[in-house]
Amino acid sequence: MATANTRNLWRFTAAIIKDPDDLTAASPYGGTALGLIGDFVLAVENQHIEVHGEEFGGVIVDYVRMGEKAVITGVLRTWDDDAIGAIFPNTADGAGSNRKLIKSQVAGAGMTKPGKLASAGSFKLLIASDAPDHNPSLLFYNAIPMMDTQLRISSTPAAEAGLAVAFRAAPDADGKMYHMGLLEDMSL
């Protein structure tokens with residue numbers, strides 16, 4: 001065990017990368033850069049079932065591990081057209097700027113209507129550290145992109161604005177959900 005050192009604190013800017021295909025290449029690792037994510041949180045909920053021992057009066061004697069639910073929430077720090085198109089269900093090219101426009105409507109040509117599975121837009125997601133040799137990165141093998149539970153845009157003179165986004169992990173065809181660590185230790 002190394003001696004504690006404040007230089008080893010995790011502080012880094014994280015890039016969002018869609019569908020990386022070569023973790024040994026330079027960023028964006030053969031994928032599509034979707035901008036920067038700030039204030040991101042990986043929340044993992046472990047599910048367990050209690051095992052009660054009748055011989056001990058019904059007290060809990062063990063747990064059966066079931067599975068995990070994992071979600072990344074954060075703030076999209078940049079208005080990136082590729083990110084907007086990948087994360088938000090209803091977008092269009094702006095008429096004047098040709099930049100992405102986020103739309104909220106439940107009917108109309110080309111609109112994603114309520115009831116569609118969100119997994120239809122899933123992709124491999126890499127949250128890549130800007131110092132991949134020193135700080136861990138996070139790879140979701142099948143990320144379902146979503147707006148965070150409430151789309152919040154905050155803007156004050158003292159802080160940058162951003163869009164609240166979420167990515168939920170689902171198993172890929174091989175049953176992999178996520179890996180976290182140095183890029184050199186991960187495989188696609």
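The values are calculated or read from the model by the stated rules, or taken from the named source; none is laboratory data. Predicted, not measured: the structure shown is a model, and the values here were computed from it. Neighbour counts run over all protein chains shown; Cβ positions are idealised from the backbone, glycine included.
Which condition number does Asn98 fail, the rest of (1) surrounded by fewer than 17 Cβ atoms within 10 Å (Cβ to Cβ); (2) without any contact (Cβ under 8 Å) to a residue 60 or more places away in the chain; (3) under 26 Å from Asp22 (Cα atoms) being met?
(3)
Consider Leu34 carefully, then state whether it is at pLDDT below 90 and of a type outside the set (Ser, Thr, Tyr).
No.
Here are some conditions: (1) touching a helix residue (DSSP H, G or I) at 6+ places or on another chain (Cβ under 9 Å); (2) on the phi < 0 side of the Ramachandran plot; (3) not β-branched (Val, Ile, Thr). Gly53 meets all but one. Which one does it not meet?
With respect to (1) touching a helix residue (DSSP H, G or I) at 6+ places or on another chain (Cβ under 9 Å); (2) on the phi < 0 side of the Ramachandran plot; (3) not β-branched (Val, Ile, Thr), Gly53 is out only on (1).
Checking Ile49 against (1) in contact with an Asp or Glu (Cβ under 7 Å, 6 or more places away or on another chain); (2) part of a strand (DSSP E or B), only one condition comes out false. Which one?
Against the list (1) in contact with an Asp or Glu (Cβ under 7 Å, 6 or more places away or on another chain); (2) part of a strand (DSSP E or B), Ile49 comes up short only on (1).
Scanning for something within 22 Å of the chain's Cα centre (by Cα), modelled with pLDDT of 95 or more and surrounded by 15 or more Cβ atoms within 10 Å (Cβ to Cβ), does region 108-122 turn up at least one residue?
Yes, because at least one residue in region 108-122 is within 22 Å of the chain's Cα centre (by Cα), modelled with pLDDT of 95 or more and surrounded by 15 or more Cβ atoms within 10 Å (Cβ to Cβ).
Restricting the first residue to region 79-93 and requiring it to be hydroxyl-bearing (Ser, Thr, Tyr), which pairs with a second residue that is assigned to a strand (DSSP E or B) and surrounded by fewer than 21 Cβ atoms within 10 Å (Cβ to Cβ) meet a Cβ separation below 6 Å and a spacing of at least six or different chains?
Thr91/Lys100; Thr91/Ile102
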